1. If you check every pair at least six apart or on different chains, which have Cβ atoms under 8 Å apart with a residue in the stretch 91-106 that is under 15 Å from Gly286 (Cα atoms) first and a residue that is of a type in the set (Lys, Arg) and part of a helix (DSSP H, G or I) second?
2. Any chance the stretch 84-99 includes a residue that's closer than 23 Å to Gln248 by Cα and out of contact with any Leu (no Cβ under 7 Å at 6 or more places or on another chain)?
3. Considering only residues that are in a helix (DSSP H, G or I) and surrounded by fewer than 17 Cβ atoms within 10 Å (Cβ to Cβ), look in the stretch 118-130 and name the one that is nearest to the chain's Cα centre (by Cα).
4. Can you find a residue that is assigned by TED's automatic domain parsing to the domain that holds Gly354 and free of Cβ contacts under 8 Å to residues at least 12 places away in the same chain anywhere in the stretch 170-192?
5. I'm told Ala133 meets every condition in (1) at pLDDT below 95; (2) closer than 19 Å to Arg295 by Cα; (3) in the same structural domain as Trp308 (by TED's automatic domain parsing) except one. Can you identify the failing condition by its number?
6. Return only the number of the condition from (1) at pLDDT below 95; (2) farther than 14 Å from Arg347 by Cβ that Arg215 does not satisfy.
7. Considering Gly319, Gly331, Gly310, which residue is more than 26 Å from Glu203 (Cβ to Cβ) and either exposed (fewer than 15 other Cβ atoms within 10 Å of the Cβ) or at pLDDT 95 or above (or both)?
8. Just to check your reading of the model, which residue among Ala275, Ala301, Ala306 is out of contact with any Ser or Thr (no Cβ under 8 Å at 6 or more places or on another chain), part of a helix (DSSP H, G or I) and within 25 Å of Ser346 (Cβ to Cβ)?
Amino acid sequence: MSGGRLLRVEADGGSRGNPGPAGYGALVKDAATGEVLAEVAEAIGRATNNVAEYRGLVAGLRAAAAVDPDARVQVRMDSKLVVEQMSGRWQVKHADMRRLAEEARAVLPADRVDYGWIPRAQNSHADRLANEAMDAAAAGRQWQRGTPAPGGEPAPAAARPADGAGEPLDLVLVRHASTPLTEQRRLSGRYGEDPELSGAGREEARRAAECAEVRGADVVITSTMRRSRQTAEVIAEHVGAPVLVDPQWDETDFGDWDGCTTAEVVQRWPAEFAAWSADPTVAPPGGEPLVAVERRVREAASALHARWAGKRVVLVTHGDPLRALLRQCLGCGAGAQRRIRVDPASRTLLRLHGDGSSEVVAVNRV
């Protein structure tokens with residue numbers, strides 16, 4: 001590897017039953033100083049150890065790309081299987097792992113990623129994050145970073161009360177601008193292709209950056225996904241605000257349905273689609289149920305208010321998280337999820353109060 005900042009990704013995953021309740025954890029460090037720059041963790045439902053480890057790898061690489069898209073990355077894991085397969089020395093035979101390996105390779109150019117094995121004792125930070133995510137899921141909660149990392153790193157600002165915690169938060173929700181998959185009306189989830197903005201999408205992002213709603217923003221927050229980050233960067237540059245990345249705002253994991261149109265899903269998975277449409281606790285095959293999206297959105301919104309009360313925040317996210325937050329503000333049930341229209345690069349304005357109440361100021365402005 002040559003050129004660019006050097007980052008280190010440590011990732012792990014585990015399953016309590018193999019297969020069983022599973023989760024992953026990953027962190028990004030500055031390779032020179034050891035400073036922890038990002039942590040991600042998530043419970044992923046029922047899966048095997050190997051799938052969970054691959055999911056941790058994908059999440060870690062995406063977090064590294066969010067920190068610095070031009071960085072060189074050292075990946076260090078205690079899974080010899082993942083390291084050898086991603087290094088190209090072993091074949092990837094299992095279909096689920098083959099899909100995840102392809103997703104990992106798509107995050108950063110291969111010549112900027114180096115894979116190496118480390119003993120489990122040296123991967124304890126990522127292991128701890130994975131277990132925290134599984135413990136949180138067992139308690140009915142979504143994992144949220146909020147404790148000091150090894151080495152004394154303080155809890156992130158989002159976990160600490162802001163000085164103006166009693167003041168309302170003005171939140172401008174922006175759906176990411178269009179991608180080729182958006183234009184084809186194909187599902188594009190958090191572990192799918194992760195496409196870039198299309199030509200039309202870049203123009204949509206430019207127009208969103210110039211609209212009145214985003215003026216005066218104190219910060220622009222985005223999901224980890226490329227289309228969201230690209231939209232956020234255009235807005236942030238125009239308004240002169242910093243960009244922060246939060247994986248809690250990633251799109252739903254659509255599992256096996258990723259990349260399909262709704263018509264294709266109905267044709268290939270009619271019973272599963274009907275169950276998913278009727279019950280928010282049902283997940284797409286290999287994916288994430290709506291209730292899981294709702295949990296992480298609720299916790300992320302609470303953290304936003306705790307950190308940014310009294311400020312104006314632009315949040316660039318995706319269709320499902322945006323609708324879920326809007327429904328929570330309106331007090332609507334899950335049945336309204338698919339009836340709320342949010343166009344690419346549209347703006348939805350909310351005001352969140354410290355007592356948990358909220359106001360919906362505008363929806364789907366384009």
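1. What qualifies is Leu100/Arg55.
2. Scanning the stretch 84-99 turns up at least one residue that is closer than 23 Å to Gln248 by Cα and out of contact with any Leu (no Cβ under 7 Å at 6 or more places or on another chain).
3. As a first pass, look at the stretch 118-130 and keep what is in a helix (DSSP H, G or I): 120-130.
Retained after the next criterion (residues that are surrounded by fewer than 17 Cβ atoms within 10 Å (Cβ to Cβ)): 120-122, 124.
Details: Arg120: 26, Ala121: 28, Gln122: 26, Ser124: 23 Å.
Here the answer is Ser124.
4. The answer is no, given that none of the residues of the stretch 170-192 is assigned by TED's automatic domain parsing to the domain that holds Gly354 and free of Cβ contacts under 8 Å to residues at least 12 places away in the same chain.
5. Here Ala133 meets the rest and fails (3).
6. That leaves (2) as the condition not met.
7. Values: Gly319 fails: more than 26 Å from Glu203 (Cβ to Cβ); Gly310 fails: either exposed (fewer than 15 other Cβ atoms within 10 Å of the Cβ) or at pLDDT 95 or above (or both).
Answer to the check: Gly331.
8. Only one candidate passes the filter, namely Ala301.
The values are calculated or read from the model by the stated rules, or taken from the named source; none is laboratory data. Please read all numbers here as calculations on a predicted model, not as lab measurements. Here the Cβ is made from the backbone with ideal geometry for all residues, glycine too, and neighbour counts use every protein chain on show.
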